[in-house]
1. Calculate, in nm to one decimal, what LEU221 and LYS424 gain on full extension: separation in residues at 0.36 nm each, minus their alpha carbon distance.
2. With labels modelled as points extended 7 Å from the Cα through the Cβ direction, what inter-label distance (nm, one decimal) is found for GLU193 paired with LYS380?
3. Which residue, chosen from PRO33, ILE460, ILE510, occupies the Cα position most advanced towards the positive end of the dipole of the chain, where the dipole is computed from +1 (Lys, Arg) and -1 (Asp, Glu) charges on Cβ about the Cα centre?
4. Name the residue from ALA369, ALA215, LEU290 whose Cα lies farthest towards the positive end of the charge dipole of the chain, charges +1 on Cβ of Lys and Arg and -1 on Cβ of Asp and Glu.
5. Go through LYS344/LYS405; LYS42/LYS104; LYS299/LYS344; LYS42/LYS63; LYS63/LYS202 and tell me which ones have a Cα-Cα distance over 21 Å in this structure.
6. Using modelled backbone amide H atoms (1.01 Å from N, in-plane), which distant-in-sequence or interchain residues come within less than 5 Å of ARG265's amide H?
7. Once the dipole of the chain is set up with Lys and Arg at +1 and Asp and Glu at -1 on Cβ about the Cα centre, which of VAL499, GLY247, GLY86 lies farthest towards its positive end?
8. Summing +1 for each Lys or Arg and -1 for each Asp or Glu, what net charge is found among the other residues whose Cβ lies under 10 Å from the Cβ of GLY224?
Amino acid sequence: MQQPENAVKAVPTPPRERIRVFDTTLRDGEQAPGFSMSLAQKLRMAQALAELGVDVIEAGFPKASDGDFESVRAIADSVRGPAICGLARAQNGDIEAVARATAKAAHARIHIFLATSPLHRQHKLNMSREQVLETGFKAVRRARELCDDVEFSAEDAIRTEPEFLIQALQTMIEAGATVVNVPDTVGYTTPEEIGALFARLKREVRGIDTVVLSAHCHNDLGLGVANSLAALANGARQVECTIGGIGERAGNAALEEIVMALRTRGDRFRLETGIRTPLLYPTARLLGDLVGATIPRNKAIVGENAFAHESGIHQHGMLKHRETYEIMRPEDVGFSRTQLVLGKHSGRHALRECMSNLGHELDETQLDAVFARFKALADKKKEVFDCDLDALALGMDPESIGPWKLQHLHATTHLGNGASASVKLRHHDGRLCAEAALGDGPVHAVLRAIARAAGMALDIDDFQIRSLSNGADALGRAAITVRHNGRELHGRGVSTDIVEAAAQAALEVINRIERLHSGQSLPIAANQA
């Protein structure tokens, strides 16, 4: 059938352009106070990031410490899919350390940073503009001799004179950089300002179309995600971010928020990522479990309230049509519309299936251990919920095993007169140590008794308790932070009895200290250079 001459022709929708997601949870995120991870925890997180579909994992800062070097090396050796990146100052020793640590990666990247702003040039580097350009050029050249993929970051780029920033990026492109990154290191910029800067860089930096232009935004003014989106809208094709927005000070731009903003507002951005969005919530939850942090209930995308509706008006609208008050489907970010409930009659197959749905892939040994704890919990509770299963999965960290095991625990509160506790610990060498102690409360008494039994003094910096599930028989998590020989060590315990959870948390710290004394590796806080 012939259409009328004046018929409106359909305008083809332009295809979406693919951007790269550079995840720095294990470097910029992990170096923030309270977020340090052990080698085993970093490996587990890196595998989760690979499954999530990030394009680049910045695994650490190899020159910062032996622990960071080993973490980057282990991730490069075992994690496949994303490029594995290590951070380096513009110094040959740093660059060569990254090259050694990432030698076995299928795709390695060396990430060099050098400050360019007048504040940093004068007060930190004591360098002139010319010295900065020369130092950066030589560093990128050396990195390209060792690796085909080299990223250069102009630290504090936002507060750098635009003309000098243009000159610096051109110089690093000429030296061989394949990615040039423009960081808002102190979270100072605004969306309008950074958008205009990126548009200018795209116009004026010679050779910019031959490399990937990247944005790295901090969140000091709460604008990290907005600034990242403005940079992407004006030519950035790599965005640097972290799960949950963790990082220095107020953190980095949150990966899940950027990804879902691009997906939900595809009509505006015409950009897409390779992120498997149903894994966003499980990945954020895993990170919280590993570092002992709680996802705020009102956190965008992955908070418990992100898809909760209590207002009667909202509930009425949702019953009529979901899109009245939801712009995303909860399933698209990994939430389940129905609460998974297990009980004491549930078997291994059901437990494995539910754990898998929550993002916990267990091998047979891990399943055996979790199943035993699940059965014990199910005997105490009428129902076992998703959050209970998450808590059970916390016990899979191999570093929480021995050498001390808790054999006996008894605690009593004396109204008006404090509390007392007695414990019995068994060491893997056969020693059996029993001790008792008084305290201001049962938790305090238990912590003192465990320290005495193990023959150690605990310098406690922080102790927190929170509920992980619902009801009077809810699981509680105790988290303890201890300083030992200049290190910050974290312990966690989970139980329906909060005193027992505190004992487990203290025991985890005791075991880490003993492994340190015996020469085994412990989590090392990343250098903040």
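We did not get these values from a lab; they are worked out from the coordinates using the rules stated. What you see is a predicted model; the values in this text were computed from it and never measured. In this analysis, Cβ positions are derived from the backbone assuming ideal geometry, glycine residues included, and neighbour counts consider all displayed protein chains.
1. Details: separation 203, 0.36 × 203 = 73.08 nm, distance 5.01 nm.
Result: 68.1 nm gained on full extension.
2. Taking the simple label geometry, GLU193 and LYS380 are separated by 5.2 nm.
3. ILE510
4. ALA369
5. Working: LYS344/LYS405 26 Å; LYS42/LYS104 17 Å; LYS299/LYS344 33 Å; LYS42/LYS63 17 Å; LYS63/LYS202 33 Å.
Pairs exceeding the cut-off: LYS344/LYS405; LYS299/LYS344; LYS63/LYS202.
6. none
7. Positive-end residue among those listed: VAL499.
8. Numbers: positive: none; negative: ASP184, ASP220, GLU257.
My count for the surroundings of GLY224 gives -3.
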